[in-house]
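Remarks on the structure that follows.
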Amino acid sequence: MYRYDEFDETLVRERVAQFRGQVVRRLAGDMTEDQFKPLRLMNGLYLQLHAYMLRVAIPYGTLSSRQMHRLADIARRYDKDYGHFTTRQNIQYNWPKLEDVPAILSDLADVEMHAIQTSGNCIRNVTADQYAGVAAEELEDPRIYAEIIRQWSTFHPEFTFLPRKFKIAVTGSPHDRAAVRLHDIGLHMRRSGNNGSGEVGFEVIVGGGQGRTPVIGKTIRSFLPKRHLLSYLEAILRVYNQLGRRDNLYKARIKILVNSVGPEEFARLVEEEWAHIKDGALGLPAEELARITDYFAPPAYESLPRVTPAFEAKRLEDPAFARWVRTNVAAHKEPGYAIANISLKPEGGIPGDATADQMDGVADLAERYSLSEIRVTHEQNLVLPYARQSDLYALWQGLEAFDLASANLGLLGDMITCPGLDYCNLANARSIPIAQEISRRYADLNRQHEIGELKIKISGCINACGHHHVGHIGILGVDKRGEEFYQVTLGGNADENAALGDIVGPSFAYDEVVGAVETIVDTYLAVRESPDEAFLATYARVGLQPFKEKLYAAH
């Protein structure tokens, strides 16, 4: 893992001291809320429906056990005993008192964490593949480059007040787990050459995003050598900063600019700007790349057999463990090791929430079984990336003790859900109760496994924090004359085959939407050609019409 240097330490401590003074002035009445707002947002502090919300950065989703213990301590001491892991690999606290926030930020600084650039019109937390460094099919660890981008972008004076917020994601695997095509800039690591045998660099994808105008990003450069990473990003941001709209909040994102001028013209503008700076100070020095790479060097793996007899025996003996392994354990690049996924989606639970005790429990399990490292996923789950196969049964039992062993990863119960109208002052409708009711309706895990991979994503408003546009089944809360309704989309996808879902038809009332999901699932099961045909494959084959007919048959 990356360790803060003296520059990181200094800037974070100085920011904490600065904000402490600002809070004192606000509490004393020396500053109005309008004056305070831009200052608190620079420190990740939002004002939601009922209380302040603090968003804490988890760069590229990587945490140490020590940091997770501190997050648990903050939840216990300053909040209502829980935290909410988000789709940007961050954590949010929904109930901090304003007078406590400086102390929280100081406690975070003690473990090399902060809330800087988790809000505002700046470059936000850089996200990456949660399996970075351990995925069997990976070209290179993308966290190295996410860290380089973090250092370049933190307090970048030219990009502190962009037209709108800006999000970057990096993946190093052919299978995209970081949703790079749904970001302002997505970086997908590739090999150069027609046969993919050359040097490793980046496909550069620009102008993706969800929200009011959902767009799949466009590739503006099929291959960028690694040494040019920062200069090319700088060129993109300069073009956006100069030409992006500032007169209309809804048309300020880079996706609007790319679509208005066209991807080809945008690429030309970037290349023109890049020509002036590509050979300047932003070239990535080999020694600096080596220095950052050393922080992400693979651990000293043990020499283990590819198949562990004790692990295989436990799979045969215990069906519940076997089911968890089937969904929640992924292949590791090292023989005898496994990637263990922890679902934060228990039956009837709030997706992404973890109690302080659960966070402490995960931290303890990571110390015992995962070299003290934890990952946060953009799908609101956790990962232990260094589990030995021989430890998986004991790990699973440890997760069971904290109600964290739901065997539903990638299945219907593993929903992405935004906080919705229960917390957010932008929301039109509740999303959490809908997710909870769907979860209870499909509480039978055997049924979920029979259905197979099916990703439901729920947003409480058009801002799409729940990623509904790219859900296999997407659910969007809308307001109709003061009542909550829900628009349903089908066929969305966030991976390397990214696609936006198709709107089914008229929206459904609050008490109808869970039944609509059940109708969709039942229709899928009826029309799929075999149990091996996944939902997206079936949808691609039969299209929208069979689902639409069933959904509106009674209307």
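The values are calculated or read from the model by the stated rules, or taken from the named source; none is laboratory data. Because the structure is a prediction, the values reported are computed rather than measured. Note that each Cβ is placed from the backbone with ideal geometry, even for glycine, and that neighbours are counted across all protein chains shown.
For the range 255-286, taking the residues that are among the charged types (D, E, K, R) and farther than 17 Å from Ser231 by Cα, the one that is surrounded by the most Cβ atoms within 10 Å (Cβ to Cβ) is identified as Lys255.
Which condition number does Ser260 fail, the rest of (1) among the polar types (S, T, N, Q); (2) touching a residue at least 40 places away in the same chain (Cβ under 8 Å); (3) within 18 Å of His183 (Cα to Cα) being met? Ser260 satisfies all of (1) among the polar types (S, T, N, Q); (2) touching a residue at least 40 places away in the same chain (Cβ under 8 Å); (3) within 18 Å of His183 (Cα to Cα) except (2).
Checked against (1) outside the structural domain of Ile254 (by TED's automatic domain parsing); (2) of a type outside the set (Asp, Glu); (3) crowded, with 20+ Cβ neighbours inside 10 Å, Val215 meets all criteria but (1). Scan the range 252-267 residue by residue and report those that are out of contact with any strand residue (DSSP E or B) (no Cβ under 9 Å at 6 or more places or on another chain) and either assigned to a helix (DSSP H, G or I) or hydroxyl-bearing (Ser, Thr, Tyr) (or both). Within the range 252-267, Leu257, Ser260, Val261, Glu265 qualify. Is it the case that Gly361 is over 25 Å from Ser431 (Cβ atoms) and either at pLDDT 95 or above or of a type outside the set (A, V, I, L, M, F, W, C) (or both)? In short, yes. Check the range 236-244 and report whether any residue there is crowded, with 16+ Cβ neighbours inside 10 Å and more than 14 Å from Phe166 (Cβ to Cβ). There is no residue in the range 236-244 that is crowded, with 16+ Cβ neighbours inside 10 Å and more than 14 Å from Phe166 (Cβ to Cβ). Pairs linking a residue in the range 22-35 that is free of Cβ contacts under 8 Å to residues at least 60 places away in the same chain to a residue that is of a type in the set (A, V, I, L, M, F, W, C) and surrounded by 13 or more Cβ atoms within 10 Å (Cβ to Cβ), with Cβ atoms under 9 Å and 6 or more positions apart or on different chains, are Gln22/Met31; Gln22/Phe36; Gln22/Leu39; Arg25/Met31; Arg25/Phe36; Asp30/Val24; Met31/Leu39; Glu33/Leu47. The C-beta contact set for the range 303-314 (first residue touching a residue at least 40 places away in the same chain (Cβ under 8 Å), second residue in a helix (DSSP H, G or I) and charged (D, E, K, R), distance under 9 angstrom, 6+ apart or interchain) comprises Phe311/Asp391.
Tell me the strands (runs of 3 or more DSSP E) entirely within the range 171-251 that contain at least 1 residues that are more than 20 Å from the chain's Cα centre (by Cα) and more than 16 Å from Leu139 (Cα to Cα). Break it down stepwise before answering.
Details: elements: 185-191, 200-206, 218-225.
The strands (runs of 3 or more DSSP E) meeting that bar are 218-225.
Of all residues in the range 431-448, those being farther than 24 Å from Leu421 by Cα and surrounded by fewer than 17 Cβ atoms within 10 Å (Cβ to Cβ) number 4. The single condition among (1) touching a residue at least 40 places away in the same chain (Cβ under 8 Å); (2) more than 18 Å from the chain's Cα centre (by Cα); (3) over 17 Å from Phe535 (Cα atoms) that Ile451 does not satisfy is (3).
Scanning the range 454-494 for residues that are farther than 22 Å from Pro346 by Cβ, of a type in the set (S, T, N, Q) and either touching a residue at least 40 places away in the same chain (Cβ under 8 Å) or in the same structural domain as Ala322 (by TED's automatic domain parsing) (or both) yields Asn463, Asn493.
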